[in-house]
Amino acid sequence: MQPLVKNKNLRGFVKRFDNALDRENIDNLSREFIEEIFNTDILEREDFGDLAYSYCGRHMSNIEKKAFGLYELLLADIIEIDLAHNQKELFKRLMVVDSKKYRFATSEEINNFGIDYASQNLTDTIANHTPKILNENNDQLFKKIKYKYKYNSIITISL
């Protein structure tokens, strides 16, 4: 269940989101990468090397009324992975392998939420929050001036 926050506490919630030690911060995104890529046997950790990425900005949704009269605010910090040549080759090899663990999608597929109108397959297979990661939506991101990382500067961590 998602936490409920009163309107008067919304600014404090966003500040807590920025400072919480129990969530991933831009400083080190290795846990998620390890869990999603290595622990699922998509790639071998030893073959990958260091993880390099840059901070693009923050996506913040409008506050919207949802079911049961509750309001929702979605926050997401967007990063761009900076792949080394050997890492790009690892992912290129995955592109030709059919898997239920991952999917490579074009920006058109992401913007259509995976719905294939041509085949009349009207099932959405890509989450509705995914388009925020596309480069063409970069101008919709908030650029946090107080953030300690410069935009587009490379952050490198050892896996």
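The values are calculated or read from the model by the stated rules, or taken from the named source; none is laboratory data. Everything numeric here is computed off the predicted structure, so don't read it as measured data. Backbone-built Cβ (ideal geometry, glycine too); neighbour counts: all protein chains shown. All accessible areas refer to the heavy atoms of the entire protein, side chains included, with ligands and DNA or RNA removed. Shrake-Rupley method; radii C 1.70, N 1.55, O 1.52, S 1.80 Å.
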- Task: Hey, could you check the range 113-127 for residues that are within 18 Å of the chain's Cα centre (by Cα) and among the aliphatic types (A, V, I, L, M) and say which is surrounded by the fewest Cβ atoms within 10 Å (Cβ to Cβ)?
- Result: ALA127
- Item | Leading residue by the ranking (most open to solvent (accessible area, probe 1.4 Å)) among those in the range 34-44 that are of a type outside the set (Phe, Trp, Tyr) and part of a helix (DSSP H, G or I) | GLU36
- Message: Can you pull out every residue in the range 119-137 that is in a loop (DSSP other than H, G, I, E, B) and among the hydroxyl-bearing types (Ser, Thr, Tyr)?
- Response: SER119, THR123, THR125
- Note on the structure: The number of residues in the range 45-79 that are surrounded by 12 or more Cβ atoms within 10 Å (Cβ to Cβ), at negative phi and of a type in the set (Gly, Ala, Ser) is 4
- Going through (1) under 26 Å from LEU74 (Cα atoms); (2) in contact with a Leu (Cβ under 9 Å, 6 or more places away or on another chain) one by one, THR125 fails only at (2)
- Item | Residue among THR130, THR156 that alone is within 25 Å of ILE42 (Cβ to Cβ), at pLDDT 80 or above, loosely packed, with under 12 Cβ neighbours inside 10 Å and out of contact with any Lys or Arg (no Cβ under 6 Å at 6 or more places or on another chain) | THR156
- Any hit, the range 95-118, residues being within 22 Å of GLU32 (Cα to Cα), without any contact (Cβ under 8 Å) to a residue 12 or more places away in the chain and not in a loop (DSSP other than H, G, I, E, B): yes
- So how many residues does the range 45-77 have that are in a strand (DSSP E or B) and not aromatic (Phe, Trp, Tyr)? 14
- Item | Residues (among the aliphatic types (A, V, I, L, M), touching a strand residue (DSSP E or B) at 6+ places or on another chain (Cβ under 9 Å) and either exposed (fewer than 12 other Cβ atoms within 10 Å of the Cβ) or modelled with pLDDT of 80 or more (or both)) located in the range 133-153 | none
- Message: Restricting to the range 80-112, give me the number of residues that are aromatic (Phe, Trp, Tyr) and open to solvent by 70 Å² or more (accessible area, probe 1.4 Å).
- Response: 1
